[in-house]
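Notes follow once the structure below has been shown.
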Amino acid sequence: MFTQLIDPLDNLTLTCLVALIPVVSLLVMLAVFRVPAWLATLLGSIITFALAAWVWKMPLDNGSHAYLYGAATGVWNVDWITLWGMVLFNTMSVSGLFENFRRWLIALGGMDVRVQTMLFAWAFGALLEGLVGFGYPWAVVAPILISLGISDLNAIRVAAIANNAPVSYGALGAPIIALAAVTGYPLLALSGSVGTVVAVLALAPPWVLLYLVSGKEGMKGGWPLAVVGSLGYIAGQYPVARHLGPYLPDITGAIVCFIALLALLKVWQPKTVLGYGGVPVSAAAAATTQTRGHGLKPGEVLQAWMPFAVLLLVVAAWTGPWSPLPKVSWFKTQAIACSALASTCPAKGNVSAVFNFAPYIGGTAILVSWILVALLLTAMGKLKGVQVGEVFRRTFHQMWGACLVGVFIFGLAYTFNYSGMAASLAKGFSSMGSAFIIVAPILGFIGVALSGSNTSTNAMFGKFQALVGVQLGMQPLLLPTLNSVGAEIGKPIAPQTASVGVSTSKFVRKEGDVIRHNMGWTFILLAYLIIIAVGFYLARPAVMTAS
């Protein structure tokens with residue numbers, strides 16, 4: 001059995017610096033040289049494998065197996081989910097259902113910018129993040145806000161800040177699935193621990209959004225929107241994250257938030273209708289917009305909601321703890337190493353690079369959801385064969401690069417962990433002691449700010465964070481959870497996310513302007529997360545257990 005080396009250079013500081021080369025080189029390629037993500041992760045994985053074999057003396061045969069098992073995990077556990085999520089989204093777009101849904105929302109929002117912001121940026125943005133992620137919430141929500149009178153740069157910032165809380169569950173849970181794959185911790189337990197932190201984090205962004213679009217006075221007059229918006233999202237997100245898993249929390253959170261906000265507007269309306277900047281809107285203009293409506297029949301509104309209903313029902317029934325389907329395995333293989341951090345080997349000190357081919361995982365449930373939606377739309381006359389071809393052409397154009405990233409980043413991560421590089425870093429960073437609780441979310445923040453992907457950040461840093469937690473005697477899920485939630489905070493300043501997010505605005509190829517504009521509030525939310533992290537570490541560590 002291959003036994004990892006904890007300090008192959010006989011100088012732990014130097015060993016840690018060398019272990020950081022794959023991460024730093026990947027982030028430099030992405031953020032400085034703007035290398036395409038798929039190519040950067042391919043080159044990064046080559047660098048990682050070379051260092052693992054040369055410095056950490058990883059055997060080439062077992063190391064190759066570890067890389068291949070990681071790449072296969074990226075394809076089956078992540079790409080399979082995001083691919084079908086995007087197919088479902090494109091089916092809604094091509095069939096016209098998404099446009100109807102958007103029109104319905106705009107009509108409900110009226111003229112008050114605070115109501116519009118909570119419905120579109122907060123609730124609708126969470127729905128889009130939960131379904132497809134990858135910056136698409138910015139790209140879809142920002143033009144809606146611009147059409148309602150918010151300037152381009154500020155509309156993008158509002159869409160980006162609103163996108164913070166849902167990112168950990170973006171693209172149907174892909175980041176949490178990645179985190180479970182590299183750490184080996186139970187998927188449901190990780191989903192619940194991340195959901196607990198996100199539930200506290202989600203209390204803040206609605207207040208920030210109200211301030212951004214209407215100032216202090218607008219926030220005072222619209223505070224019920226922030227309270228109901230945050231609590232509505234949490235009420236839909238938190239129980240699903242804890243009891244069903246990572247696939248649906250954003251979607252259920254968004255739907256419950258919609259229902260809560262619409263119920264609020266039935267019994268309460270802002271005393272003064274405000275436009276962007278807190279400027280009052282004339283009663284005549286507000287009345288004109290209110291009577292214009294969306295022009296949709298009740299059946300068309302139901303059709304627009306139908307794909308989300310099918311997705312919820314199928315995925316909940318398929319992947320919930322009551323279902324035996326995700327537990328079915330057709331093939332499982334692994335490469336085993338003796339951990340450098342273990343006191344005895346083998347047994348509990350083993351490190352495994354595992355690929356488990358479970359055919360009925362969440363991605364297959366989403367495929368079945370899409371098939372049902374496509375059949376229903378065909379029966380309604382909303383989807384034709386030529387449109388199905390267009391759906392897959394769009395999806396291939398949008399997703400081929402992201403799918404390759406899934407292959408290479410997991411190969412990199414598995415090699416990094418299997419070789420002992422992650423263990424060496426953990427040993428070095430554990431010298432910080434309990435102060436590392438502050439560093440953990442910052443590492444996630446930096447990782448996503450440069451890589452643009454919460455999924456990739458969890459794959460790169462998840463195991464390292466878990467190993468540091470073990471060295472420090474912390475609750476096992478705490479540091480990986482903070483890595484994931486820290487990553488969602490960094491999304492508004494991620495160049496790759498911004499490049500997608502500005503694609504429907506006049507800031508195409510001006511991502512730097514957008515990132516600078518988003519930065520201040522992003523740092524404020526990061527400070528808030530660090531306070532949450534310290535609070536959980538000191539007061540509620542029990543919720544971070546892996547059992």
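The values are calculated or read from the model by the stated rules, or taken from the named source; none is laboratory data. Bear in mind that the values here come from a model prediction, so they are computed numbers and not experimental data. Note: ideal-geometry Cβ built from the backbone for every residue, glycine included; neighbour counts use all protein chains shown.
The set of residues from the range 254-285 being hydroxyl-bearing (Ser, Thr, Tyr) and either assigned to a loop (DSSP other than H, G, I, E, B) or free of Cβ contacts under 8 Å to residues at least 12 places away in the same chain (or both) comprises Thr272, Ser282. Looking at the range 70-85, can you tell me whether even one residue there is β-branched (Val, Ile, Thr), within 23 Å of His397 (Cβ to Cβ) and over 18 Å from the mean Cα position of the chain (by Cα)? No - not one qualifying residue is present in the range 70-85. Here the helices (runs of 4 or more DSSP H) wholly within the range 165-253 that include at least 3 residues being under 14 Å from the mean Cα position of the chain (by Cα) are 170-183, 187-201. Flag set for Arg103, criterion: assigned to a helix (DSSP H, G or I) and either within 30 Å of Glu300 (Cα to Cα) or within 26 Å of the chain's Cα centre (by Cα) (or both).
Looking at the range 14-86, the helices (runs of 4 or more DSSP H) lying wholly inside it that each contain 2 or more residues that are of a type in the set (Ser, Thr, Tyr) and closer than 23 Å to Ala180 by Cα sit at 37-54, 60-73.
One residue stands out among those in the range 74-100 that are crowded, with 20+ Cβ neighbours inside 10 Å and hydroxyl-bearing (Ser, Thr, Tyr): the one that is nearest to Leu302 (Cα to Cα), which is Ser95. Just to be sure before I move on: is Ile177 farther than 19 Å from Val315 by Cβ and in contact with a Pro (Cβ under 8 Å, 6 or more places away or on another chain) in the structure I sent? When the stated conditions are applied, Ile177 does not pass them.
In summary, Leu479 fulfils each of the numbered conditions (1) crowded, with 18+ Cβ neighbours inside 10 Å; (2) modelled with pLDDT of 70 or more; (3) under 20 Å from Leu145 (Cβ atoms) with the single exception of condition (3). Leu12 falls short of the stated requirement of being surrounded by fewer than 24 Cβ atoms within 10 Å (Cβ to Cβ) and under 27 Å from the mean Cα position of the chain (by Cα).
Screening the candidates Gly173, Gly130, Gly135 for the property of being modelled with pLDDT of 85 or more, on the phi > 0 side of the Ramachandran plot and buried (at least 24 other Cβ atoms within 10 Å of the Cβ) yields one hit, Gly173. Restricting attention to the range 148-167 and to residues that are crowded, with 22+ Cβ neighbours inside 10 Å and in contact with a Gly (Cβ under 8 Å, 6 or more places away or on another chain), the residue that is farthest from Gly512 (Cα to Cα) turns out to be Pro166. Residue count for the range 286-313 satisfying the condition of being assigned to a helix (DSSP H, G or I) and at pLDDT below 85: 7.
The residues listed here are Lys427, Lys463; of these, the one that is of a type in the set (D, E, K, R), under 20 Å from Ala413 (Cβ atoms) and crowded, with 23+ Cβ neighbours inside 10 Å is Lys463. For the range 252-259, the criterion of a residue being more than 24 Å from Asn154 (Cβ to Cβ), surrounded by fewer than 20 Cβ atoms within 10 Å (Cβ to Cβ) and not aromatic (Phe, Trp, Tyr) is satisfied by at least one position.
Scanning the range 176-191 for residues that are surrounded by fewer than 24 Cβ atoms within 10 Å (Cβ to Cβ) and at negative phi returns Ala180, Tyr185, Pro186, Leu187, Leu188, Ala189.
When we screen Lys463, Lys427 for residues that are over 17 Å from Thr41 (Cβ atoms) and either charged (D, E, K, R) or part of a loop (DSSP other than H, G, I, E, B) (or both), the only hit is Lys427. State yes or no: is Leu145 touching a residue at least 24 places away in the same chain (Cβ under 8 Å) and under 29 Å from Leu479 (Cβ atoms)? Here the answer is no, as Leu145 does not meet what is asked. Restricting attention to the range 15-56, the residues that are touching a residue at least 60 places away in the same chain (Cβ under 8 Å), under 17 Å from Thr457 (Cβ atoms) and surrounded by fewer than 16 Cβ atoms within 10 Å (Cβ to Cβ) total 1. Going by the structure shown, is Ala379 without any contact (Cβ under 8 Å) to a residue 40 or more places away in the chain, aliphatic (A, V, I, L, M) and over 30 Å from Ala466 (Cα atoms)? Judged against the criteria, Ala379 is a match.
Screening Phe392, Phe396, Phe355 for residues that are of a type in the set (Phe, Trp, Tyr) and part of a strand (DSSP E or B) leaves exactly one candidate, Phe355. Restricting Val197, Val182, Val208, Val167 to residues that are touching a residue at least 12 places away in the same chain (Cβ under 8 Å), of a type in the set (A, V, I, L, M) and within 25 Å of Leu108 (Cα to Cα) narrows the list to Val208. For the range 314-346, a residue qualifies if it is assigned to a loop (DSSP other than H, G, I, E, B), modelled with pLDDT of 85 or more and surrounded by 13 or more Cβ atoms within 10 Å (Cβ to Cβ), and exactly one does: Ser323.
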